[in-house]
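K.L.:
Here you go, one structure.
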Amino acid sequence: MGTTIHERISTTLRIAAIAGLASLTLAGCGGVKGAAVSNGALTETLRLAVHRGKYLFYHATFGGNGRTCETCHSAGGTTTGTAPNGMKLPSLANAAAIFPRAHGNGVWTLQDQLTHCVKGGLHGTPPAYDSKAMRDLVTYITSLAQGKPIDMGGTP
Ligand code: HEC
C-alpha cells in the first residue's frame, strides 16, 4: 500500500527536523572542538586535570582500607603492578587505548573499571561516574596512552 500525501509530508517534516537538530548539534560540537584546538587555556585545563588525576592515583583512598591505585598499579600505572595477593597486573599505559571492552552482555568503560577497582581493590566508595574525581582519574589514565593506537577491546 502506498503512503498517503499526509504521511509523506509528515515524514519530510520529520527528516527536516532531525537534519536541523543534527546541524545544531554539530555546530555545538564544532565550537567546542575549535576551542580545544586553538585555545591554550583548554590545554592548561587538561594538564591540570592530568595532574589532579595523578595525585588521586597516588593518594586517594576513597574512604576504604588505606590502599591507593598505586598500591597495586606501580609507578603511576606505567609499569606492571602487583596485587596484594601476588597477582601480576598489566601496566595501565595502554588501558585508555583498549577500553571500552565487552563485559558480559554490556560494555565496560574505563569509568566502570575504575569503579570496580575502587570497590574491589580499595574497598572504598567510588567517585560518581560523572564526578570531577572520576574525570580527573580517567584523564590521567588516558594521558598514559597518548600516541598509542586505539585497539578497542584489545589486550593490555
Ligand atoms: C588491590 C589491587 C588494586 C587496586 C588498589 C587498584 N586496582 Fe586496578 N586492577 C586490579 C586488578 C586485579 C586488575 C585486573 C583486572 C580486574 O580484576 O579488574 C586491575 C585493572 C585495572 C585497569 C585495567 C587494566 C587493563 O588494561 O585491563 C585499570 C585502568 C585500573 N585497574 C585502574 C585502577 C585505578 C585508577 C585504581 C585506583 C582508583 C586502581 N586500579 C586500583 C587491581 C587493583
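The values are calculated or read from the model by the stated rules, or taken from the named source; none is laboratory data. What you are looking at is a predicted structure, and each value in this text was computed from that prediction instead of being measured. Cβ atoms come from the backbone with ideal geometry, glycine included; neighbour counts cover every protein chain shown.
K.L.:
Looking at GLY86, GLY76, can you tell me which residue is at pLDDT 95 or above and assigned to a loop (DSSP other than H, G, I, E, B)?
P.N.:
Answer to the check: GLY86.
K.L.:
Condition check: touching a Pro at 6+ places or on another chain (Cβ under 9 Å) and either of a type in the set (S, T, N, Q) or buried (at least 20 other Cβ atoms within 10 Å of the Cβ) (or both). Does VAL118 satisfy that?
P.N.:
In short, yes.
K.L.:
Right, next: So, in the range 56-65, exactly how many residues are more than 8 Å from the ligand (Cβ to nearest atom) and either within 20 Å of LYS148 (Cβ to Cβ) or not assigned by TED's automatic domain parsing to the domain that holds THR125 (or both)?
P.N.:
Selection size over the range 56-65: 0.
K.L.:
Would you confirm whether or not the range 101-110 contains a residue that is assigned by TED's automatic domain parsing to the domain that holds GLY76, at positive phi and either at pLDDT 95 or above or assigned to a helix (DSSP H, G or I) (or both)?
P.N.:
Checked the range 101-110: no residue is assigned by TED's automatic domain parsing to the domain that holds GLY76, at positive phi and either at pLDDT 95 or above or assigned to a helix (DSSP H, G or I) (or both).
K.L.:
Examine the range 107-115 for a residue that is near the ligand (Cβ under 8 Å from one of its atoms) and not polar (S, T, N, Q), and state whether such a residue exists.
P.N.:
yes
K.L.:
Right, here's the next one. Between residues in the range 133-156 that are over 10 Å from ALA95 (Cα atoms) and in the same structural domain as THR61 (by TED's automatic domain parsing) and residues that are among the polar types (S, T, N, Q) and not in a loop (DSSP other than H, G, I, E, B), which pairs lie under 6 Å by C-beta distance while being six or more apart or on different chains?
P.N.:
If the second residue must be among the polar types (S, T, N, Q) and not in a loop (DSSP other than H, G, I, E, B), the pairs left are MET134/GLN111.
K.L.:
Follow-up. So in the range 140-150, with the set limited to residues that are away from the ligand (no atom under 11 Å from the Cβ) and in contact with a helix residue (DSSP H, G or I) (Cβ under 6 Å, 6 or more places away or on another chain), which one is nearest to LEU48 (Cα to Cα)?
P.N.:
SER143
Yes/no matrix, rows are residues, columns are (1) within 16 Å of the chain's Cα centre (by Cα); (2) more than 23 Å from LYS148 (Cα to Cα); (3) free of Cβ contacts under 8 Å to residues at least 60 places away in the same chain:
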{"position": "LEU42", "(1), (2), (3)": "no, no, yes"}
{"position": "LEU46", "(1), (2), (3)": "yes, no, no"}
{"position": "ARG67", "(1), (2), (3)": "no, yes, yes"}
{"position": "GLU70", "(1), (2), (3)": "no, no, yes"}
{"position": "THR78", "(1), (2), (3)": "no, no, no"}
{"position": "GLY81", "(1), (2), (3)": "no, no, yes"}
{"position": "ALA93", "(1), (2), (3)": "yes, no, yes"}
